[in-house]
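J.: Shown below is the structure under consideration.
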Amino acid sequence: MDLSHPQSNLTLNFNSSSSTTTSHSSPPPSHHSISLHLDPPLPPPTLPLQLLEPQSNGGTLDPLPHSQSLFNNDTDDDDDDNQEFRILGHSMCLKRRRDSESSSSSSLSIPLPSSKRFPLPPPDSSDLDARRAAVRSWGNQPLQIADPDVYAIMEQEKKRQFKGIELIASENFVCRAVMEALGSHLTNKYSEGMPGARYYCGNRYIDEIETLCCERALKAFNLDPKCWGVNVQPYSCTSANFAVYTGLLLPGDRIMGLDTPSGGNTSHGYYTPNGKKVSGASIFFESLPYKVNPQNGYIDYDKLDERALDFRPKIIICGGSSYPREWDYARFRHIADKCGAVLLCDMAQISGLIAAKECMNPFDYCDIVTSTTHKSLRGPRGGIIFYRKGSKPRKRGTLLSQGHESDQYDFEEKINFAVFPSLQGGPHNNHIAALAIALKQVATPEYKAYMHQVKKNAQALASALLRRKCRLVTRGTDNHLILWDLRPLGLTGKFYEKVCEACHITLNKIAIFGDNGTIIPGGVRIGTPAMTTRGCLEADFETMAEFLFRAAQIANTLQREHGKLQKTVLKGFESHRDIVELRARVEAFATQFALPGFDI
C-alpha cells in the first residue's frame, strides 16, 4: 500500500477498544484515535494484506479472517468505506473517505491522551541558570585562575623571551593574531580528511578556512594553482617529508640528502658513525648522503653527481638545516633527471627568503617542496607540502611511478593519502587558521622588506665576527644564518652554548666537518630572523657580535679555571661575575625592543 501516492484518499483510525468494531458507520474520532487523511481517491489494491494476531495461548500467529483483511474487494459500499482489523490486541479501522469528504490537502493527525497533549513544561529557570553557571565556572576561567602553576611558568618564559637575545636560526616571534587563532575554539573541531571530503560532519567553516589557507599558500610563493597543489595539514616539516616518502616510495627504497654533519636534516636520513639509524627516514628507507667539501664548506656537486648515479636514489633532497649558502637547483635538477629521481626541496630554513624573492627559487626546478611554517615565515609550528600537478614538461627524465606512458603528475592523490589516513589523524584546525593569517602577511610588501632586512642583518653580523678574527664556515652567508667554527678558540659548541644561555643569549651548537673529515661538535649556528622581527637593524647586530665575542672570552676563562665541562660547573655559571656583568648588558639591550603580541 502506497500511502504517499498522490491519488490516495484514506483515513486510518486506531481505536482504543480491544474488541473488533463491526459497525459500518464512521464514528467520530476521539483522543484515543489516530487518523490519516490522504487525498484524492486511490483505487483499491488487488492483493489483500493479511495481519497476524497472536493466539490466546501464546502460540503461533494466525491471519485474521478474510472478512477482516486490510482490503476487501466486496462490492458493498459501506464495506468499501470501512475496513477493520486487529493488531497487537487493538482494533484498527481503515476508512476510505468519500469524494465529498475529500479535502484539498493531506493531513496527519495523532490525537494523544489528554495527559500527553501538551509539551513538557520548560525546565525550572533557576535550575537552568545553575547549570549554565556550572559550565561557565569551569569553561570560562582565565588561565591565571584555572591553573596558577602553569600560568606562572608561562610568565617566566615570556620574561625570558623579552629580556634575552634570540639567535636560534629556526625560531621566531609570531604576531598576536596568530596566537589568537592558535588559542581559539577551532581546536574543538575534528575534521579528518580534506575539504569537502571529511569523516565528520559540521566542517563547513573548517573547509572554508583550509581552502583559504591553501589559496594563500600558493599566492605567497606566486604559484599557479593549475600547476601546483598544496597540503597544509602536516604537523611539522619532518612529518611532511615522511609523508612524501610514504606516498611515493616502498619500504626499503632509496633516498639521498645532505649529510646531517654537513648541514642536512635528520629527516633526510642519517646514520651515526657506529651505524645507528637515527631517523624514521633511515629506518624505513635506505639513505645515502652527499656532503660538503671539508676544505671550504660548500656542497661538492661533482661527488654528488657521481654518488647519485651509483646509488640510483628514487628521491634526491636539496635543502638543509645549517647551510649558509645558495643551492644550485639547476644542478640538482640535472642530476635528478640523469638518475630518474624525483627532486624534493626542503626549504624549511629559507622559505621566507624564497617567498620574498631574496634567494633562488626551488619551485622553478623541483617536483615537490616542503617547509616548516614557524621559522622565517613567522607562522604557527607546523609543516606544508607543495607538489606539482598537471602535465609534465617534455624534456624531463622519467619520474618516480609516472612511467613512460604518462605525461601527467600524480603526486596529489599519493601525498594527500599519505598525510591522511596513512600517517596523521585529524588536522589541527587552529594551526591551519593561524597559518592562513601568517601567509596573508607573507604576500605583503612589509614582509618582503622584513626578509630583506633579515638578510642584511645576517651579513652585518658575519662581517662583525670576521673583523674579530672569528672563523665562519664558507666565510660568510647568502641567507639568514651563519656557522661559527669555535675550534680555533679552543671551545666546543656545547660549552659555548651553555655560557651564552647563562648570559641570556640563545643559539645552538652544531657539528662542523674537520679538515680530516672527522665530525667535531665544534661550532654554533646563529640566525637573524627573530631579533629582526623585534626591530633590530645592522647596528644592533654589531652590538650582538660584541656580546657573542665577549661570551667566547668568558667561556675560555671558565674552561681554564674548571677544565672539562661538568654539571657542577654549569650550576655555578649563573653567579660568575663575568656572566652576571654580561647578562646585565644583554638584558638592558634586549628590553629596548618590543616583543610581538605583548604590551611590555
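J.: For segment 374-483, which GluC sites (Glu not before Pro) are in a loop by DSSP, counting at most 12 other Cβ atoms within 10 Å?
T.: Qualifying residues, ordered by number: Glu405.
J.: Oh, and also: Give me the percent of the accessible area of segment 183-233 that comes from carbon and sulfur atoms, probe 1.4 Å, all protein chains in place.
T.: Exposed carbon and sulfur together represent 55 percent of the surface.
J.: Using a 1.4 angstrom probe, figure out how much accessible area segment 218-270 has per residue, in square angstrom, rounded to the nearest whole.
T.: For segment 218-270, the solvent-accessible area averages 33 Å² per residue.
J.: Let me check something: with ligands and nucleic acids excluded, how do Met194, Met531 order by accessible area (1.4 Å probe), largest to smallest?
T.: Of Met194, Met531, the descending order of accessible area is Met194, Met531.
J.: Thr492 accessible area, nearest 10 Å², 1.4 Å probe?
T.: Spelled out: Thr492, probe radius 1.4 Å, area about 60 Å².
J.: Moving on. For segment 429-517, what does the accessible surface come to per residue with a 1.4 Å probe? Please give it in Å².
T.: Here the residues of segment 429-517 average 37 Å² of exposed surface.
J.: For segment 184-189, what does the Karplus curve 6.51 cos²θ - 1.76 cosθ + 1.60, with θ = phi - 60°, yield as ³J(HN,Hα) per residue in whole Hz, taken in order and with x for Gly and Pro?
T.: Once θ is set to phi - 60°, the couplings for segment 184-189 become 9, 5, 5, 5, 6, 9 Hz.
J.: Scan around Ile512 for amide H atoms under 5 Å from its own, H built in the peptide plane at 1.01 Å from N, and keep only partners 5 or more places away or cross-chain.
T.: The answer is Ile520, Gly522, Gly523.
J.: Now a separate question. Once phi is turned into θ = phi - 60°, what whole-Hz ³J(HN,Hα) does the Karplus curve with 6.51, -1.76 and 1.60 give for every residue of segment 585-600, x standing for Gly and Pro?
T.: So the J values, rounded to whole Hz, are 5, 5, 5, 5, 6, 5, 6, 6, 9, 5, 10, x, x, 9, 9, 10.
J.: Another question, then. Could you rank the peptides 452-459, 574-581 by their average count of other C-beta atoms within 10 Å per residue, with the highest value first?
T.: Answer by packing, highest mean first, reads 452-459, 574-581.
J.: Still on this structure: What distance in nm lies between label points placed 7 Å from Cα along the C-beta direction at Asn361 and Glu501?
T.: Placing both labels 7 Å along Cα→Cβ, they lie 4.1 nm apart.
J.: What does the charge count near His374 come to, summing +1 for each Lys or Arg and -1 for each Asp or Glu among other residues with Cβ under 9 Å from its Cβ?
T.: Around His374, the charge tally is +2.
J.: What net charge is computed for the residues neighbouring Tyr270, neighbours being all others with C-beta under 9 Å from the C-beta of Tyr270, Lys and Arg scored +1, Asp and Glu -1?
T.: 0
J.: What does the charge count near Glu166 come to, summing +1 for each Lys or Arg and -1 for each Asp or Glu among other residues with Cβ under 10 Å from its Cβ?
T.: So the environment of Glu166 carries a net charge of +1.
The values are calculated or read from the model by the stated rules, or taken from the named source; none is laboratory data. Quantities reported herein were computed from a predicted structural model and do not represent experimental measurements. Here the Cβ is made from the backbone with ideal geometry for all residues, glycine too, and neighbour counts use every protein chain on show. Each accessible area value is taken on the protein alone, full model and side chains, heavy atoms only, with ligands, DNA and RNA left out. Shrake-Rupley method; radii C 1.70, N 1.55, O 1.52, S 1.80 Å.
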